[in-house]
Amino acid sequence: LNTMRIQAGNLGIGGEPVSANGVRLQVLGEASKSTAGDWLANSDRRIKTNVVTVDGPQALAKLRAVRPVAFSYTADYLAAHPDIQPRTYLNVIAQEFAEVFPDWVRSSGEPLPGTDPKDSANQILQVDTYPLTIHAVAAIKELDAADTALRARQDRLERENTELKRALAE
């Protein structure tokens, strides 16, 4: 499908935009950029309030609760989206992710293939996995601090052990 449609101020590339999901740009299929790196987001301190550091132990607990999965799309979904390649993908399960990061899961506005499109319970869920990046940074910092403390303890114990061996030998 080589289509681009503007509908009610929303842009759909590869098909009709699904205005029910609240996004203004929807790309069906894959998208690419000419350079590596994430999409940019405004993050200036001057536009933020109630700033708190993500707690390392809590970040580790949240990461432990997230199940990364490898999967293939169903035949019905692939038939409804011929631009999607039939291969193994990596992500999370939206229903499970919502248990850990509820604010980062929402309806796509697209119905499951073969279901009543008017029933909102049939809408496919979508996730924004960006919280995993921030929680991973907090968790890595927590693990690094624990590793540094353990290494310092190990060095101290090895020095004490060497001193005790020397005292025993004398």
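Every number in this text was worked out from the coordinates using simple rules, so none of it is lab data. Please read all numbers here as calculations on a predicted model, not as lab measurements. Quick reminder, even Gly has a Cβ in these numbers, built from the backbone with ideal geometry, and neighbours come from all protein chains shown.
List the lysines whose alpha-carbon lies under 19 Å from that of Lys62, not counting same-chain residues fewer than 8 positions away?
Lys141
Any chance you could give the angle, 0 to 90 degrees and rounded to 10, that helix 130-169 forms with the longest Cα principal axis of the chain?
For 130-169 against the chain, the angle is about 10 degrees.
Calculate log10 I(q)/I(0) of the range 73-170 for q = 0.16, 0.21, 0.24 Å⁻¹, where I(q) comes from the Debye formula with a single equal point scatterer on each Cα and nothing for solvent.
Taking Cα atoms of the range 73-170 as identical point scatterers yields -0.86, -1.12, -1.23.
Local charge sum around Gly56 (other residues, Cβ-Cβ under 12 Å, Lys/Arg +1, Asp/Glu -1)?
Charge balance near Gly56 sits at -1.
Straight-line reach only, C-alpha to C-alpha below 19 angstrom: list the aspartates and glutamates that Lys48 could link to, leaving out same-chain residues fewer than 8 apart.
Asp103
Quick check: convex hull of the Cα atoms in the chain, volume per residue, rounded to a whole Å³?
Per-residue hull volume (Cα only) is 222 Å³.
How tilted is helix 56-65 with respect to the longest principal axis of the chain? Cα atoms for both, answer in degrees (0 to 90, nearest 10).
With rounding to tens, the tilt is 50 degrees.
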